[in-house]
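Notes to accompany the following structure.
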Amino acid sequence: MDEKGKREGKMDMPAMMEVYKKLATPAAPHKMLANLEGSWITKTRAWMEPDKPPTEGTGTCEQKMLFDGRYLQQEYTGEMMGNPFTGINLVAYDNHTKKYVSTWIDSMSTGIYFFEGSGSKDGKTITQECSYDDPVRGPAIWRSVTRIIDDDSVEYEMFLIPKGGKEEKMMEMTVSRRK
């Protein structure tokens with residue numbers, strides 16, 4: 001479709017449906033996400049204060065694809081700061097925007113966090129950001145980096161960038177496929 005037709009929203013119904021069908025078809029990034037399906041063991045280190053030692057915890061992550069390979073649901077259980085913790089992440093690759101998008105919810109908040117970012121050329125590193133209004137520190141950016149090491153190993157890091165401040169590492173997690 002030409003740009004003028006796109007701006008005016010003019011297209012016949014069969015052509016429009018073909019565009020939507022093409023964009024809804026899982027592609028290589030979805031296949032990469034599908035490789036993460038299964039049961040995983042997590043080891044987490046979290047820094048509550050940058051100059052203090054991290055807290056450490058273990059847990060599990062169950063991952064499954066939804067809607068015929070379009071979305072990856074990750075369900076985490078474990079502990080955070082000595083308390084039971086659960087979280088669900090829904091990850092997608094948007095064929096239209098060519099970006100990875102995800103939503104995060106967990107048992108330590110009542111918000112829904114929206115992340116968006118890009119993948120490396122080889123598809124093994126996904127970097128996303130989320131605008132966040134921290135209840136203590138104010139507006140900030142969360143930056144997450146997911147590295148797929150191999151079929152059985154993933155590394156995950158989370159950083160906080162306070163408005164006008166320096167980036168701080170908040171968490172790192174190693175995720176290993178349960179054998």
Legend entry - Filtered residues of segment 75-98 (kept if among the aliphatic types (A, V, I, L, M), buried (at least 18 other Cβ atoms within 10 Å of the Cβ) and over 17 Å from A24 (Cα atoms)): M80
Inset, instruction - Working carefully through the options T44, T55, find the one that is under 28 Å from K166 (Cα atoms) and without any contact (Cβ under 8 Å) to a residue 40 or more places away in the chain. - result: T55
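So which of I105, I161, I149 is in contact with a Gly (Cβ under 8 Å, 6 or more places away or on another chain), among the aliphatic types (A, V, I, L, M) and either in a strand (DSSP E or B) or surrounded by 15 or more Cβ atoms within 10 Å (Cβ to Cβ) (or both)?
Details: I161 fails: in contact with a Gly (Cβ under 8 Å, 6 or more places away or on another chain); I149 fails: in contact with a Gly (Cβ under 8 Å, 6 or more places away or on another chain).
Step by step, each of I105, I161, I149 is checked, and only I105 is in contact with a Gly (Cβ under 8 Å, 6 or more places away or on another chain), among the aliphatic types (A, V, I, L, M) and either in a strand (DSSP E or B) or surrounded by 15 or more Cβ atoms within 10 Å (Cβ to Cβ) (or both).
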Legend entry - Number of the exception - H30 against (1) under 30 Å from D133 (Cβ atoms); (2) within 14 Å of the chain's Cα centre (by Cα): (1)
Inset, instruction - Keeping to segment 58-83, report how many residues are assigned to a loop (DSSP other than H, G, I, E, B) and either free of Cβ contacts under 8 Å to residues at least 40 places away in the same chain or under 17 Å from M108 (Cβ atoms) (or both). - result: 3
Inset, instruction - Would you please list the contacts, defined by Cβ atoms under 6 Å and residues six or more apart or on different chains, that run from a residue in segment 136-151 that is basic (K, R) to a residue that is modelled with pLDDT of 95 or more? - result: R143/E129; R143/F159; R147/T125; R147/E155
Inset, instruction - Collect the residues in segment 113-146 that are at pLDDT 95 or above and among the β-branched types (V, I, T), keeping them in residue-number order. - result: T125, I126, T127, I141, V145, T146
Legend entry - Matching residues in segment 15-49 - criterion: being assigned to a strand (DSSP E or B) and either surrounded by fewer than 14 Cβ atoms within 10 Å (Cβ to Cβ) or on the phi > 0 side of the Ramachandran plot (or both): G38, S39
Legend entry - Which numbered condition E62 misses (of (1) within 30 Å of K166 (Cα to Cα); (2) modelled with pLDDT of 95 or more): (1)
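Among the residues in segment 104-115, are any under 17 Å from P26 (Cα atoms) and either in contact (Cβ under 8 Å) with a residue 40 or more places away in the chain or among the hydroxyl-bearing types (S, T, Y) (or both)?
Going residue by residue through segment 104-115, those that are under 17 Å from P26 (Cα atoms) are none.
No; the residues of segment 104-115 include none that is under 17 Å from P26 (Cα atoms) and either in contact (Cβ under 8 Å) with a residue 40 or more places away in the chain or among the hydroxyl-bearing types (S, T, Y) (or both).
The values are calculated or read from the model by the stated rules, or taken from the named source; none is laboratory data. A quick note: this is a predicted structure, and the numbers were derived from the prediction, not measured. Glycine gets a Cβ as well: all are built from the backbone with ideal geometry, and neighbour counts include every protein chain shown.
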